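So that we are looking at the same thing, I have put the structure below in structure tokens.
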Amino acid sequence: MSCCPPGATPYLAAVPTTVGSLKESNGVEFYETGAASSAAIILFPDVWGWNSGRTRALADAFAGGGYRVYVPKLLSPPLEGGTDGDGLPPTFDMGARGAEFGPWIKTVPWSSVGPKVEALLAYARAAGATSFGAVGCCWGGWAVFQASALDAGVKCGVIFHPSCHIEGVYGGDVGELCGRVRCPVYFMPAGGDSPDLYGPEGSLVTTLAAKFPGTKTKLFADMAHGWTSRGDAADPAVKRDVELAMTEAKAYFAEFLPVA
């Protein structure tokens, strides 16, 4: 099983940003951006990790709404050195080497990721955060589910081109994991993402909507999986839909994670 469906957007080199800074606390490294706030956001990246594509630029954009935003380095051990020491290497072709993905991602279970997330939440709370939002890109959507199950302080989530189903690689059931999520989620699937999971009648959407009426889904049918964090912004359609997805996400956080 892969996190990315056929036709997914490939690796994109990091978009440089000088807005935030690199930090480390209790064994977790992270990118931190935005002013200290009682409402903070954790942005879980896709499988190319914490310093690829527009990942940090998206974090900076959320910080513009008044949030302190964190992008943690979690995908360890990285494959072949990863990208800036995290996740997959820039040369990894998901289409050609997809068979290698499952064995590698199994080496990054929640039992190793979770303690780092706990350490980051503790750090953020010490800096004044009392409530949290979570953003996930691809693999990061699975981490949003796990983070909500871990900590009731996570009040809402936004998942771009979700890969929550990666839970199956670890021998788990994504439906069971979804049942442990404790907050509303806004899913934004791409054209290649499973409607049976992420569509309006998808099992994950309906499960969460039954508990949290604020749960939503919006299909970006013209986009390939991965577009928000690594799509080519020189393409007018990609640029349009990245901007639309961020507008939707910011409005969702304004509703469910207001800045005091």
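Given the criteria buried (at least 20 other Cβ atoms within 10 Å of the Cβ), in contact (Cβ under 8 Å) with a residue 40 or more places away in the chain and not β-branched (V, I, T), does P189 qualify?
Working: buried (at least 20 other Cβ atoms within 10 Å of the Cβ): yes; in contact (Cβ under 8 Å) with a residue 40 or more places away in the chain: no; not β-branched (V, I, T): yes.
For P189, the condition - buried (at least 20 other Cβ atoms within 10 Å of the Cβ), in contact (Cβ under 8 Å) with a residue 40 or more places away in the chain and not β-branched (V, I, T) - is not met.
Another question about this same structure. Looking only at the range 1-39, filter to residues that are in a strand (DSSP E or B) and among the hydroxyl-bearing types (S, T, Y); which one of those is farthest from A57 (Cα to Cα)? Steps first, answer last, please.
The initial filter retains those residues of the range 1-39 that are in a strand (DSSP E or B), namely 21-25, 28-33, 39.
Add one more test, that the residue is among the hydroxyl-bearing types (S, T, Y), and what stays is 21, 25, 31, 33.
On the way: S21: 12, S25: 22, Y31: 11, T33: 10 Å.
Per the criteria, the residue is S25.
Right, here's the next one. Can you tell me how many residues in the range 229-257 are in contact with a Gly (Cβ under 9 Å, 6 or more places away or on another chain) and not hydrophobic (A, V, I, L, M, F, W, C)?
Of the residues in that region, 8 qualify.
Has the range 193-206 got any residue that is touching a helix residue (DSSP H, G or I) at 6+ places or on another chain (Cβ under 6 Å), among the hydroxyl-bearing types (S, T, Y), touching a residue at least 24 places away in the same chain (Cβ under 8 Å) and assigned to a loop (DSSP other than H, G, I, E, B)?
no
Of everything in the range 40-55, what is touching a Ser or Thr at 6+ places or on another chain (Cβ under 8 Å) and either surrounded by 24 or more Cβ atoms within 10 Å (Cβ to Cβ) or part of a strand (DSSP E or B) (or both)? Give them in sequence order. Before you say what the answer is, go through the steps one by one.
Residues of the range 40-55 touching a Ser or Thr at 6+ places or on another chain (Cβ under 8 Å): 40, 43, 45-46, 48-49, 51-55.
Within the range 40-55, A40, L43, P45, D46, W48, G49, S52, G53, T55 qualify.
Restricting the search to the range 143-153, which residues are among the hydrophobic types (A, V, I, L, M, F, W, C) and either at pLDDT below 95 or buried (at least 24 other Cβ atoms within 10 Å of the Cβ) (or both)? It would help to see each step written out before you state the result.
Of the range 143-153, the ones among the hydrophobic types (A, V, I, L, M, F, W, C) are 143-145, 147, 149-150, 152.
Those that are among the hydrophobic types (A, V, I, L, M, F, W, C) and either at pLDDT below 95 or buried (at least 24 other Cβ atoms within 10 Å of the Cβ) (or both): A143, V144, F145, A147.
Among (1) under 27 Å from F256 (Cβ atoms); (2) touching a strand residue (DSSP E or B) at 6+ places or on another chain (Cβ under 8 Å); (3) not hydroxyl-bearing (S, T, Y), there is one condition P90 misses while meeting the rest; what is its number?
(1)
Within the range 92-110, does at least one residue satisfy the condition of being free of Cβ contacts under 8 Å to residues at least 12 places away in the same chain and of a type in the set (D, E, K, R)?
Step one: filter the range 92-110 for residues free of Cβ contacts under 8 Å to residues at least 12 places away in the same chain, giving 96-97, 99, 103.
Filter once more, keeping what is of a type in the set (D, E, K, R): 97.
Checking the range 92-110: at least one residue is free of Cβ contacts under 8 Å to residues at least 12 places away in the same chain and of a type in the set (D, E, K, R).
Restrict the check to the range 133-149 and report whether at least one residue is among the β-branched types (V, I, T) and more than 13 Å from the chain's Cα centre (by Cα). First the steps, then the outcome.
Step one: of the range 133-149, the residues among the β-branched types (V, I, T) are 135, 144.
Still in the running and more than 13 Å from the chain's Cα centre (by Cα): none.
No, because not a single residue in the range 133-149 is among the β-branched types (V, I, T) and more than 13 Å from the chain's Cα centre (by Cα).
How many of the residues making up the range 24-35 are under 20 Å from the mean Cα position of the chain (by Cα) and in contact (Cβ under 8 Å) with a residue 40 or more places away in the chain?
The number of residues fulfilling the criteria is 4.
Which of the residues that make up the range 146-192 are among the aromatic types (F, W, Y) and either in a strand (DSSP E or B) or out of contact with any Pro (no Cβ under 8 Å at 6 or more places or on another chain) (or both)? Before the answer, list the steps.
Start the filter on the range 146-192 by keeping residues that are among the aromatic types (F, W, Y), which leaves 160, 170, 186-187.
The answer is F160, Y186, F187.
Also, I was wondering about something else. Out of the residues in the range 104-142 that are assigned to a strand (DSSP E or B) and not polar (S, T, N, Q), state the one that is surrounded by the most Cβ atoms within 10 Å (Cβ to Cβ). Walk me through it before giving the result.
We begin by selecting, within the range 104-142, every residue assigned to a strand (DSSP E or B); these are 131-137.
Retained after the next criterion (residues that are not polar (S, T, N, Q)): 132-137.
Numbers: F132: 27, G133: 24, A134: 28, V135: 28, G136: 28, C137: 32.
The selected residue is C137.
Mind checking whether some residue in the range 219-240 is without any contact (Cβ under 8 Å) to a residue 12 or more places away in the chain and either closer than 26 Å to Y67 by Cα or in contact with a Leu (Cβ under 7 Å, 6 or more places away or on another chain) (or both)? Write out each step before concluding.
Let us first name the residues in the range 219-240 that are without any contact (Cβ under 8 Å) to a residue 12 or more places away in the chain, namely 234-236, 239-240.
Remaining after also requiring either closer than 26 Å to Y67 by Cα or in contact with a Leu (Cβ under 7 Å, 6 or more places away or on another chain) (or both): 239-240.
Within the range 219-240, one or more residues are without any contact (Cβ under 8 Å) to a residue 12 or more places away in the chain and either closer than 26 Å to Y67 by Cα or in contact with a Leu (Cβ under 7 Å, 6 or more places away or on another chain) (or both).
The values are calculated or read from the model by the stated rules, or taken from the named source; none is laboratory data. For clarity, every value in this text was computed on a predicted model and none was experimentally measured. Positions of Cβ are generated from backbone atoms using ideal geometry, with glycine treated the same way; all protein chains shown enter the neighbour counts.
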